[in-house]
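All of the numbers you see were taken from the coordinates with simple rules; none came from a lab. Keep in mind the model is a prediction, meaning the values are calculated, not measured. Here the Cβ positions follow ideal geometry from the backbone for every residue, glycine too, while neighbour counts run over all protein chains shown.
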């Protein structure tokens, strides 16, 4: 019985090796999966995304600004600060005066609901602009910083007057003010959280 099983296993293994070497075409479910992978989807255009990214790379580099300019611009007319982090992170802590739209909710209509016009100046920031912050400002990996896809998508939807906060700032020592449900103030032995709609300058 053992001999029969060993012979069967050897035959099965040999067939498998022959199939892989000879490049036998997949059948059934395997074939269906391969077709699904290579089938073109007009609603997902990676080539155009790469082209858009390459086209605006230099433009974006000219639109990264200092915290002083960011603060100055934020007080001028026809300007908004847009926070595209999660609703929970925004609720807990955000730059004072910012409006919110989760990046995953970017559509033509949703953007139009928070940005008055295509001529509006839009200031953006993300968690990777701050260090020593609470969990609501936890950084992403540098290549995946939220400012990057936010800038690209805004431009792609026709909002070209974009400025991005450039530097990495200590959250407890910046000219920016923050507000939210839970703002942890450095320097205390125990966390101190402020009430909703309370703002604080952390410096």
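Is it the case that some residue within region 106-113 is loosely packed, with under 14 Cβ neighbours inside 10 Å and within 16 Å of the chain's Cα centre (by Cα)? Yes, there is a match, as at least one residue in region 106-113 is loosely packed, with under 14 Cβ neighbours inside 10 Å and within 16 Å of the chain's Cα centre (by Cα).
Yes or no, residue by residue, for (1) over 19 Å from residue 177 (Cα atoms); (2) over 17 Å from the mean Cα position of the chain (by Cα):
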{"site": "71", "(1), (2)": "no, yes"}
{"site": "76", "(1), (2)": "no, yes"}
{"site": "88", "(1), (2)": "no, no"}
{"site": "103", "(1), (2)": "yes, no"}
{"site": "125", "(1), (2)": "no, no"}
{"site": "130", "(1), (2)": "no, no"}
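Which residue out of 85, 131 is surrounded by 15 or more Cβ atoms within 10 Å (Cβ to Cβ) and in contact (Cβ under 8 Å) with a residue 40 or more places away in the chain?
Numbers: 131 fails: surrounded by 15 or more Cβ atoms within 10 Å (Cβ to Cβ).
Answer to the selection: 85.
Among the residues of region 50-71, those identified as touching a residue at least 60 places away in the same chain (Cβ under 8 Å), in a helix (DSSP H, G or I) and under 18 Å from residue 156 (Cβ atoms) are 52, 53, 56, 59, 60. Checking each residue in region 157-168 for being surrounded by fewer than 17 Cβ atoms within 10 Å (Cβ to Cβ) and under 16 Å from residue 110 (Cα atoms) picks out 157, 158. Candidates 70, 90, 132: the one that is within 30 Å of residue 43 (Cβ to Cβ) and in contact with a strand residue (DSSP E or B) (Cβ under 9 Å, 6 or more places away or on another chain) is 90.
Just wondering, is there one or more residues in region 116-123 that are surrounded by fewer than 13 Cβ atoms within 10 Å (Cβ to Cβ), within 14 Å of residue 101 (Cβ to Cβ), in contact (Cβ under 8 Å) with a residue 24 or more places away in the chain and over 16 Å from the mean Cα position of the chain (by Cα)? Yes, region 116-123 contains at least one residue that is surrounded by fewer than 13 Cβ atoms within 10 Å (Cβ to Cβ), within 14 Å of residue 101 (Cβ to Cβ), in contact (Cβ under 8 Å) with a residue 24 or more places away in the chain and over 16 Å from the mean Cα position of the chain (by Cα).
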